[in-house]
Each structure stands twice: as structure tokens, then as C-alpha cells.
1. Would the range 64-81 turn up any residue that is free of Cβ contacts under 8 Å to residues at least 40 places away in the same chain, closer than 17 Å to C45 by Cβ and either in contact with a Cys (Cβ under 8 Å, 6 or more places away or on another chain) or β-branched (V, I, T) (or both)?
2. Anything in the range 37-71 that is hydroxyl-bearing (S, T, Y), touching a strand residue (DSSP E or B) at 6+ places or on another chain (Cβ under 6 Å) and within 12 Å of L137 (Cα to Cα)? List them, or say none.
3. If you scan the range 114-130, which residues turn out to be modelled with pLDDT of 95 or more and in a loop (DSSP other than H, G, I, E, B)?
4. Being in contact with a His (Cβ under 9 Å, 6 or more places away or on another chain) and at pLDDT below 95 is the filter here; which residues of the range 141-160 pass it?
5. Only one of T138, T90 is surrounded by fewer than 20 Cβ atoms within 10 Å (Cβ to Cβ), part of a loop (DSSP other than H, G, I, E, B) and at pLDDT 95 or above. Can you tell me which?
6. Which condition number in (1) hydrophobic (A, V, I, L, M, F, W, C); (2) under 22 Å from D159 (Cβ atoms); (3) touching a Gly at 6+ places or on another chain (Cβ under 9 Å) is the one that L65 fails?
7. Please go through (1) in contact with a Leu (Cβ under 8 Å, 6 or more places away or on another chain); (2) farther than 24 Å from D33 by Cα; (3) part of a strand (DSSP E or B) for H107 and return the number of the only condition it doesn't satisfy.
8. Which residues, taken from the range 121-134, are of a type outside the set (V, I, T), under 18 Å from the mean Cα position of the chain (by Cα) and over 30 Å from D84 (Cβ atoms)?
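The values are calculated or read from the model by the stated rules, or taken from the named source; none is laboratory data. Bear in mind that the values here come from a model prediction, so they are computed numbers and not experimental data. Don't worry about glycine lacking a Cβ; one is built from the backbone with ideal geometry, like all the others, and counts go over all protein chains shown.
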Amino acid sequence: MKAIRVFILAAILLLMASASCFAAWTLTPSKVDRDGHYLTWKVLCTSDGSSLAATDLVALMPAGLANLARGATMMIMTVVPGADAVAPDTTIDVTLSDAQGIPIFVHAAYSNTANTTGISLSEDFNQYPAIHSKLYLTLNDIGTAGDQVTLYFECWTEDK
């Protein structure tokens, strides 16, 4: 009986220790506002304590947001680091890539303590990128698991 208890305790400890190995970033896209042709949406990014590999944001969007976002032109981004217990430990690097995985916006060292607003998404691509079937986001390791950053996107949409 004692051997069974030891085995169960060991199994529980092993599962608890390995849980952090399987942790993953949590990305939560949501609609903020829509006014005429303008669409504002955001993605709340919660770190797992490592960098975020390229992840398709369109696939994570609720159906209504994905329908609005596909075909939209991304114009402005705002980076809002988490505060207090979820504040990033280091600056924030953002890479956006198109459906083919080609980087269309790459910028490093956004502040981890202050909002950065008015970021033109045309600065690397020399035009405002459009959202198609996929939009990949890559982030650096921003600190410990649970640290957060929210990215806001202002887009132009055409009538559908």
C-alpha cells in the first residue's frame, strides 16, 4: 500500500514539474471598435516565459472579427505593455509576417514600461499591409510566464 502512495505522489510531482514544459503563449484577439470603414482590434499576449514562434492571428480570431479583418488594411499599431504583476521584464520586439511567412513589419525594443502609440505599419513594407487568410505574429521573450503585452491595430476596411 505504501508503494502505491509513493508511486502516486511521484506521478503527481512529475506532472506538476512537466506542466511548465508544455506551457504556451496565450493570444486573445478581440474587436475593440468599428466605425464606418475603420476597424480597431487588439490581441492580448500572455507570455509563457519564452519567445513566441510565428503564430497565425487570423486562425485565433473569433469568426466575426476574422470576417471583418480579412481584406482590411493595417495602418497603425499601438503597443501597451502590461502593468504591475504582468509587466514585461524587457523591451518588446514585434514581427508581423504575411500569409507566406514573409516578414512585412519588424521592429525591436518597444518600451516595456510605457505605451508606444502611432506606429505606422507601412515603415518596413513601404505600404500598409493587408490582412489575408493568415497574419503571423512573432514576439521575443518578454520575461517571466504571465507577463503581458497588448497590441492594438487600426485598420481600414472596404464594404463587404
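1. Of all residues in the range 64-81, those free of Cβ contacts under 8 Å to residues at least 40 places away in the same chain come to 64-66.
Filter again for closer than 17 Å to C45 by Cβ, leaving 65.
From what's left, either in contact with a Cys (Cβ under 8 Å, 6 or more places away or on another chain) or β-branched (V, I, T) (or both): none.
Checking the range 64-81: not a single residue is free of Cβ contacts under 8 Å to residues at least 40 places away in the same chain, closer than 17 Å to C45 by Cβ and either in contact with a Cys (Cβ under 8 Å, 6 or more places away or on another chain) or β-branched (V, I, T) (or both).
2. If we filter the range 37-71 for residues that are hydroxyl-bearing (S, T, Y), which is where we start, we get 38, 40, 46-47, 50-51, 55.
With the extra rule that they be touching a strand residue (DSSP E or B) at 6+ places or on another chain (Cβ under 6 Å), the set shrinks to 40, 46, 55.
Once the filter is applied, which keeps residues that are hydroxyl-bearing (S, T, Y), touching a strand residue (DSSP E or B) at 6+ places or on another chain (Cβ under 6 Å) and within 12 Å of L137 (Cα to Cα), the range 37-71 yields only T55.
3. A114, N115, L121, S122, Y128, P129 - these are the residues of the range 114-130 that are modelled with pLDDT of 95 or more and in a loop (DSSP other than H, G, I, E, B).
4. E158, D159
5. Working: T138 fails: part of a loop (DSSP other than H, G, I, E, B).
Going through T138, T90 in turn, the sole match is T90.
6. (3)
7. Result: H107 fails condition (1) only.
8. Within the range 121-134, the subset of a type outside the set (V, I, T) is 121-130, 132-134.
Those still in the list that are under 18 Å from the mean Cα position of the chain (by Cα) too: 121, 129-130, 132-134.
Passing the criteria: P129, A130, H132, S133, K134.
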